[in-house]
Ligand code: HEM
Ligand SMILES: [Cu+2]
């Protein structure tokens, strides 16, 4: 709520020349961020499309392949990510209230939770390597016919592509958090100017939403078959 | 520009709901619902998405334009998937090989 | 520089000198010129490949280049022209330059991102170009699977990655435009007062933002398929190669509207200014742009008529294709109606606008032909389709682009182009164009397939006509290059508003000052209200 709209131009160092007011600048950044997230929706959307096509084509194989993933690790990691969203929203709230120490604290918590998520993900991937569930010439899924092998490989291709792309976004998010923490430590953010924290929050929650869909689609296909 | 600041309690409740939904979707995956298991899983996921978007991403307090952008994006995703699946699901209906 | 004869007034060109002041600029006008330079380069590169294609097709035997070389030539031609010329051509040059000015803004919302997107285009373009030259990519610009993923050589992936990179350039430009239009309009510039050029760029930007990410992810999958051989598009491993076509055309059909919508925006400006009348049915034309952007996403399956796409899907896509024609037709009718009882001037930009209307109409109508399932099965992958899209992309987009360049040249540089030469070149381009591409409709209808360099003797006459036309066309394109450069030094000094136009971009000196307007303009009139400019001098026409 910048009170000095009319004269902001001359006064605020954070206001860029192309804008008249800080409110206008903030609105523009927010809209830009949302549009960027929409491009991300379409980007992941292509993956979801491919997933839909092949799950529809090979439902049985996908169920068997899916049940080789550890559902409890997946669920636990989902909880970790949701926690990080919770701490992120608290960081944004702290920024809105201008509580500088709290911003830093919650951003660091988010960073740690994000790191745990990535660590668990790395552990899971590593397991896949040992089980020969990584697509490629050494791919092998126990107890399947050769053509079924190919279809199981499709599942794991999608698994790696989707979780990989998601993890890449997490890594970018971690970089973003480091930047925000640095800036917050320098005291850059206040109740008047907290747009970067706000936008960072939007990004982080978006990445969370992607995972909210990846988890059931990859880990929870017809679990009852195998128990 | 109206800046709404939600209470910690609101956020905590949303967070609790998200955790509950995660436990719920995991548990229900072990129940044999036939073809509906994917429907239930996706419904729960959509609810979780709505919670995150409306509360954590403040869509609840946002402008009409932001909501339009969000809805537009989801609609376009739907177009992509629906029209492509429209082809894939109706292949072979005429009984001519390859069509 | 150009400022030699102009009394020293600071403008965006003379406020800083040196290569760094260009490579690090955040000024949308300078970035527009950087783009102009870049896409012109790609245009002439693409043109060079086209020249070799046409030389080869002079004779029925393949005696100028081998089949392999021929395949590489049309691939390089298509990639350079589509991804690195046509898609950025109008939005990133004229759009970049004039969209902010037309709504009374000092710059785009995100100037640094704007500069970044230019770098992405350059990097992506050079990368693709290098890959195509070094590796000899022969898949055509469409990269169909499984040929691209299994059989052709691996450079195809590098080429696609270049397109991936430049895709982000397009996304960022679109994002920048949307935010700018929403958030940066001058006081009084309501949506229904925006010039139609801005409307059509807004619609284009929506397509860039919603469509381009899908082709990006498609390229990533192509990459994974090629490198790890995971089977996503490989039928021998349970994949579906037609899925690639779906994903590719989900972007690439709307992308044809990325190419044509900005051109339509230019034509709306030109038709109005040079008949001194508001555009007939302004609102319809504005909404037609939006309708095209939306409907354009529902028709991509018309490129898959002879694939294994289901008959039912093909029927639906064919049916929906007819709906896109409606808003396009609305525009053509409304431009024509604008001319009615107008005081028409035949200045060069207007000649190009007329050229656009005629040629786009032919291209659009033949679009309806090929959207009809039965007819398309006959002509698909023949020269009929080649003629169809060249009528739209060359006859439409490039005509409008040149028209726009002439129209805004005085604003961009502060100099007039030589009217006589310009009229002559417009005429040459129009004639050369038709001579090149009209015979291709006949060729295609008679059964000449595209992408072949050896053909039966009876097609030779038509091919020779086409090659002759291409030579004329080449002369036509070189002429503006020369006299534009000539005019930088010797052209007549232009006033602020040489055409007596109404747009805000004409309310500021030529060339414009760094932040476009000394005082933020306040808008009180509709976009094409000529009562506001009565009495202002009209220099040409
Ligand atoms: C009036 C609306 C239009 C309709 C109904 C239409 C319809 C079609 C159809 C059905 C095809 C496929 C023909 C085939 O491969 O057998 C096609 C091809 C094509 N059209 Fe159009 N079109 C329209 C407008 C445009 C526009 C505005 C552009 C470009 C600016 C364009 C560019 C192309 C291109 C590049 C191809 C060939 C793609 C390839 O296979 O390489 N079309 N069009
Ligand atoms: Cu099309």
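Key figures for this structure:
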{"read-out": "Verdict on residue C:225 being more than 14 Å from ligand 1 (Cβ to nearest atom), in a helix (DSSP H, G or I) and either within 14 Å of chain A (Cβ to nearest Cβ) or within 21 Å of residue A:38 (Cα to Cα) (or both)", "value": "yes"}
{"read-out": "Of the criteria (1) surrounded by fewer than 16 Cβ atoms within 10 Å (Cβ to Cβ); (2) modelled with pLDDT of 95 or more; (3) over 30 Å from residue B:93 (Cβ atoms), which one residue C:326 fails", "value": "(3)"}
{"read-out": "Of the criteria (1) more than 14 Å from chain B (Cβ to nearest Cβ); (2) within 27 Å of the chain's Cα centre (by Cα), which one residue C:251 fails", "value": "(1)"}
{"read-out": "Within the stretch A:139-166, tally of residues that are modelled with pLDDT of 95 or more and more than 14 Å from chain C (Cβ to nearest Cβ)", "value": "0"}
{"read-out": "Any hit, the stretch C:344-353, residues being within 16 Å of ligand 2 (Cβ to nearest atom), away from chain B (no Cβ under 14 Å) and surrounded by 24 or more Cβ atoms within 10 Å (Cβ to Cβ)", "value": "no"}
{"read-out": "Number of the condition not met by residue C:153 [criteria: (1) assigned to a loop (DSSP other than H, G, I, E, B); (2) farther than 21 Å from residue C:246 by Cα; (3) within 14 Å of chain A (Cβ to nearest Cβ)]", "value": "(3)"}
{"read-out": "Meets criteria (farther than 22 Å from residue C:140 by Cα, within 16 Å of ligand 2 (Cβ to nearest atom) and either in contact with a helix residue (DSSP H, G or I) (Cβ under 8 Å, 6 or more places away or on another chain) or touching a residue at least 24 places away in the same chain (Cβ under 8 Å) (or both)) for residue C:422", "value": "no"}
{"read-out": "Residue ranges of helices (runs of 4 or more DSSP H) in the stretch A:13-103 with at least 1 members on the phi < 0 side of the Ramachandran plot, within 7 Å of another protein chain (Cβ to nearest Cβ) and at pLDDT 95 or above", "value": "A:22-57, A:71-97"}
{"read-out": "The one condition in (1) more than 11 Å from chain B (Cβ to nearest Cβ); (2) within 16 Å of ligand 1 (Cβ to nearest atom) that residue C:271 fails to fulfil", "value": "(2)"}
{"read-out": "Qualifying residues in the stretch C:294-308 (those that are within 20 Å of residue B:73 (Cβ to Cβ) and at the interface with chain B (Cβ under 9 Å from one of its Cβ atoms)) - the one nearest to ligand 2 (Cβ to nearest atom)", "value": "C:300"}
{"read-out": "Residue B:83 being farther than 30 Å from residue A:225 by Cα, buried (at least 17 other Cβ atoms within 10 Å of the Cβ) and modelled with pLDDT of 95 or more", "value": "yes"}
{"read-out": "Among the candidates C:251, C:282, C:322, C:257, residue that is touching a residue at least 40 places away in the same chain (Cβ under 8 Å), within 14 Å of ligand 2 (Cβ to nearest atom) and more than 22 Å from residue C:209 (Cα to Cα)", "value": "C:322"}
{"read-out": "Residue that is on the phi > 0 side of the Ramachandran plot, more than 10 Å from ligand 1 (Cβ to nearest atom) and modelled with pLDDT of 95 or more, where the choices are C:238, C:231, C:265, C:281", "value": "C:281"}
{"read-out": "Single condition residue C:311 does not satisfy, out of (1) within 10 Å of another protein chain (Cβ to nearest Cβ); (2) away from ligand 2 (no atom under 15 Å from the Cβ); (3) within 28 Å of residue B:69 (Cα to Cα)", "value": "(3)"}
{"read-out": "Which listed residue is assigned to a helix (DSSP H, G or I), out of contact with any strand residue (DSSP E or B) (no Cβ under 8 Å at 6 or more places or on another chain), more than 14 Å from chain C (Cβ to nearest Cβ) and under 29 Å from residue C:316 (Cα atoms), from B:42, B:50, B:13", "value": "B:42"}
{"read-out": "Unmet criterion (only one of (1) closer than 21 Å to residue A:88 by Cα; (2) in contact with a helix residue (DSSP H, G or I) (Cβ under 6 Å, 6 or more places away or on another chain)) for residue B:29", "value": "(1)"}
{"read-out": "Some residue of the stretch C:323-333 being more than 9 Å from ligand 1 (Cβ to nearest atom) and within 13 Å of another protein chain (Cβ to nearest Cβ)", "value": "no"}
{"read-out": "Which listed residue, of C:360, C:354, C:369, is in a helix (DSSP H, G or I) and under 20 Å from residue C:301 (Cβ atoms)", "value": "C:369"}
{"read-out": "Members of the stretch C:302-322 that are more than 9 Å from ligand 1 (Cβ to nearest atom) and outside any loop (DSSP other than H, G, I, E, B)", "value": "C:311, C:312, C:313, C:314, C:315, C:316, C:319, C:320"}
{"read-out": "Any chance residue C:164 is part of a helix (DSSP H, G or I) and over 27 Å from residue C:197 (Cα atoms)", "value": "yes"}
{"read-out": "Residue that is nearest to ligand 1 (Cβ to nearest atom), among those in the stretch C:376-392 that are surrounded by fewer than 17 Cβ atoms within 10 Å (Cβ to Cβ) and more than 14 Å from every other protein chain (Cβ to nearest Cβ)", "value": "C:381"}
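The rows are residues; the columns are (1) buried (at least 20 other Cβ atoms within 10 Å of the Cβ); (2) under 18 Å from the mean Cα position of the chain (by Cα).
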site: A:21; (1), (2): no, no
site: A:24; (1), (2): no, no
site: A:29; (1), (2): no, no
site: A:40; (1), (2): no, yes
site: A:46; (1), (2): yes, yes
site: A:56; (1), (2): no, no
site: A:59; (1), (2): no, no
site: A:62; (1), (2): yes, no
site: A:67; (1), (2): no, no
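The values are calculated or read from the model by the stated rules, or taken from the named source; none is laboratory data. In this text the structure is predicted, and so the values were computed from the model without any measurement. Virtual Cβ from ideal backbone geometry, glycine too; neighbours counted across all protein chains shown.
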